[in-house]
Amino acid sequence: MFITLLAVTFVVSLGVSLIVSRLFRDSIRRILSRIIQDEIASSWVRYIHFAILVVGVSSGVRVYDLQQYVLPRETKEGFEAALPALTTERWVLEVYRTVIGTASGVAWMLLVFFVFALIAYVIVRVFESRKAG
């Protein structure tokens, strides 16, 4: 049952990451094309999409939290004998946590990307205005 939960959380986080990556594909392409203005911009676009997938999956699949279903927890008296049961309610909760974790991780990654892209855009505009004037 644990392996199935791990596979489901992986597939859900990959799916959410792919959806977000497609939603921002044109914006990322236009921003990088404007800042870099070279053929290498397409390589950077591909890298950003790859990074979205990696950050999304690593944020969504929380292996440390899922260990509770396999490894007994340590208490002051020793180890707990009973592991939490994977009920329907826990499945729904884990899938929900996966969606929220994936979206949150990708949102932070895109925020950092867009902040640096904005800084780079301002620098490019300053240099262009100096060339023109």
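Structure data summary
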{"item": "Residue satisfying all of: in the range 38-65; at pLDDT 90 or above and aromatic (Phe, Trp, Tyr); nearest to THR4 (Cα to Cα) among these", "result": "PHE50"}
{"item": "Of all residues making up the range 1-23, the number that are open to solvent by 70 Å² or more (accessible area, probe 1.4 Å) and of a type in the set (A, V, I, L, M, F, W, C)", "result": "7"}
{"item": "Of the criteria (1) touching a Leu at 6+ places or on another chain (Cβ under 8 Å); (2) over 20 Å from ILE3 (Cα atoms), which one GLN68 fails", "result": "(2)"}
{"item": "Residue check for GLU89: of a type in the set (D, E, K, R), open to solvent by less than 50 Å² (accessible area, probe 1.4 Å) and either under 27 Å from ILE3 (Cβ atoms) or within 22 Å of the chain's Cα centre (by Cα) (or both)", "result": "no"}
{"item": "Condition check for TYR69: closer than 23 Å to ALA107 by Cα and among the aromatic types (Phe, Trp, Tyr)", "result": "no"}
{"item": "Residue in the range 53-60 that is over 20 Å from the mean Cα position of the chain (by Cα) and free of Cβ contacts under 8 Å to residues at least 12 places away in the same chain present", "result": "no"}
{"item": "Hits in the range 31-69 - residues which are loosely packed, with under 12 Cβ neighbours inside 10 Å and part of a loop (DSSP other than H, G, I, E, B)", "result": "GLN37, ASP38, GLU39, ILE40"}
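The values are calculated or read from the model by the stated rules, or taken from the named source; none is laboratory data. Computed from a predicted structure; not experimentally measured. Heads up, the Cβs are rebuilt from the backbone with ideal geometry, glycines too, and the neighbour counts pull from every protein chain shown. Areas reflect the complete protein model, heavy atoms only, side chains present, ligands, DNA and RNA absent. Shrake-Rupley method; radii C 1.70, N 1.55, O 1.52, S 1.80 Å.
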